[in-house]
Structure formats: C-alpha cells, structure tokens
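> One structure, pasted below without further comment.
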Amino acid sequence: MFGKTKQIVQGETEMDYVVFGSGEKPLVVIPGLGDGLKTVKGQGFTLASYYKAYAKDFKVYIFSRKNQLQENYTTRDMARDQKSAMDILGLNEVYLMGISQGGMISQYIAIDYPHLVKGLVLGVTVSRPNPTLKKVVESWIEMAQCDDYSSLIIDTMERTFTEEGLKKYKKLYPIISRIGRPESFERFIIQAKACLSHNAYEELSKIKAPTLIIGGDSDKVVGENSSEEMAEKIENSRLVMYAGLGHGAYEEAKDFNSQVIAFFQE
C-alpha cells in the first residue's frame, strides 16, 4: 500500500501531508513533536504501512505542521492552520486523532471548530503543563540548542518505550542517532516551546464531539493523571488506560488501533 505525499500552500509556506485508504470517511491524524525533526514528506509508504488498519474504512490524511514556523507559534495557531488546510481540501465532519503534541492541537480544533469534528481521539497527550512535561521538554530543547541530535533521539526513545519495547531499537542506536538529523533544530525548538505553553484545560468542557482518551499509566513524557484529568473535563468522553505502558502506548499496545476503529465505528 502506498500513501501519496502532497503539499498545500499555507500563506507564504507549504504544509506536507500523506493521504491513503479506500474508505469514504475522512480520518485526520496529527502526529507528535517528532514532526519538528522530520515532516511526513517522503514517508508515504512508511505511514501507510503503519496505519494500514484504518485504510479499509477511512480515507486517511496525516498532516505535518507547515514547513516554516514563526517564533512563538502556539498549539492554537497550529490548530488554526490545520483547520485552514482541511478547508482547502474540503474536509469536514472528520474523525480526528492526535498523538502527543498532535493531541494538543486536536484539543483546540475540537474547541474552536466543533462543527469539523465528528469523533475525537486524544492519545498520550496532555491539556496543560505539568512538572514532568516541563522537565522533559526543556531538556529536549537544551539538547537541540546544543546540536546534540544523538542524545535527543535516544532520550526520546527511552522515555517513550518500555524496556521490552526498546529491545528492538537499542541495537540500532548507532544508526538511529545519525539518520534523519535535520539541517536546523529551529523548527523542533519552536514546536517544543509550544508544548510548554499549551493550556487548554479550562476550555476542555467546550469539546462536544464523542472523545476517546488513551494513555499509559507509566508515561515518562506527559506524566501521571494527564489523561484522567482530561476525561473529567470532557463530558462525552471515554478513558482507556494501559497498565505498564507509557508514551509509546500507541505503538506498544496491540489493540490500540482496534480500540480507535471500534470507537469511531460506534
């Protein structure tokens, strides 16, 4: 299965996205902070393979942030630009899934443009800063500012996956820590700072779309209770917590995709 990599114009820059699937229902996927290091451009086959479970029932759109980001660019700004992209493509009443920072953006899409969202999944994300998130993201910003790509990638993986999940990656560290290095860390730093300023907590009650919140109880990136407190604020929500899993629950939980598909099919 091949995903097609495309671009749309966003002001004076562009936004990359991948599209695939034979279903009629539009599913918009917004990935996490890793987008700051590499956009979806050139990843059509990889992403289509990774999200192949959705291809039968959905037309899947996986979006990057726009290519050129201004200073002080916030998650709400990202949501506004994502809405603009969806308007250009004629996407409305979408099923929306945001992972990590993508979940932060998705919160604001559902808050500010409720008519666009038919169903919402917030995966391993957070609605407001907490001590764990601040400590982790600030350390990643420092690594990026020091041009230390190797430490940034390895630390990200070790905070994301369980020891069991890391087994398949550890032997590849020498390769992973060199491949994909961006020419500049500016894009990553801007997006990372947006994570630190994100605070949609007091507005979560404005989300009216049916919402599935998925987290791991051992998340070393967004910390404890970040999923639970979102579920308490979003009235029409369901909470799924994976015991023993962390920020990589979207990959390590074998039934993650089936949970999402079953929820959207309801």
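Every number in this text was worked out from the coordinates using simple rules, so none of it is lab data. Computed from a predicted model, the values in this text were never measured in an experiment. FYI the Cβ positions are ideal-geometry reconstructions off the backbone, even for glycines, and counts take in every protein chain you see.
> Fully extended, how many nm does the chain gain between residue 92 and residue 130 (0.36 nm per residue separation, minus their Cα-Cα distance)?
Answer, rounded to one decimal: 10.4 nm.
> Turning to a different aspect of this structure: Report ³J(HN,Hα) in whole Hz for each residue of region 98-115, in order, from the Karplus equation J = 6.51 cos²θ - 1.76 cosθ + 1.60 where θ = phi - 60°; Gly and Pro get x.
x, 10, 6, 4, x, x, 5, 4, 5, 4, 6, 4, 5, 6, 8, 9, x, 5
> Another one. When DSSP assigns beta bridges and you keep just the ones with both residues in region 4-265, what percent turn out antiparallel, to the nearest 5?
Of those bridges, close to 30 percent are antiparallel.
> For an R0 of 25 angstrom, estimate the FRET efficiency from the Cβ-Cβ distance between residue 22 and residue 251 and round to the nearest 0.05.
0.55
> Can you flag which of 6/59; 193/220; 52/233; 4/25 are past 25 Å Cα-Cα?
Pairs exceeding 25 Å: 52/233.
> If you filter region 9-104 for GluC sites (Glu not before Pro), then keep DSSP loop positions with at most 13 other Cβ within 10 Å, what is left?
Hits after loop and neighbour filter: 12, 24, 71, 93.
> Taking amide hydrogens as modeled 1.01 Å from N in the peptide plane, which residues meet the under 5 Å criterion relative to residue 121, leaving out close sequence neighbours?
Here the answer is 96, 97, 98, 212, since their amide H atoms fall under 5 Å of that of residue 121.
> In addition: Normalising by the residue count of region 21-155, find the relative contact order in percent from Cα pairs under 8 Å and 6+ residues apart.
26 percent
> Between residue 164 and residue 224, what is the label-point separation in nm under the 7 Å Cα-to-beta-carbon projection?
Result for the modelled spin labels: 2.2 nm.
> Still on this structure, please answer the following. Across region 81-128, what fraction of all alpha-carbon pairs, as a whole percent, falls in each successive 5 Å bin from zero upward?
6, 23, 35, 24, 10, 3, 0
> Set the Förster radius R0 to 45 Å, insert the Cβ-Cβ distance between residue 83 and residue 171 as r into 1/(1 + (r/R0)^6), and round the FRET efficiency to 0.05.
E(calc), rounded to 0.05, equals 0.60.
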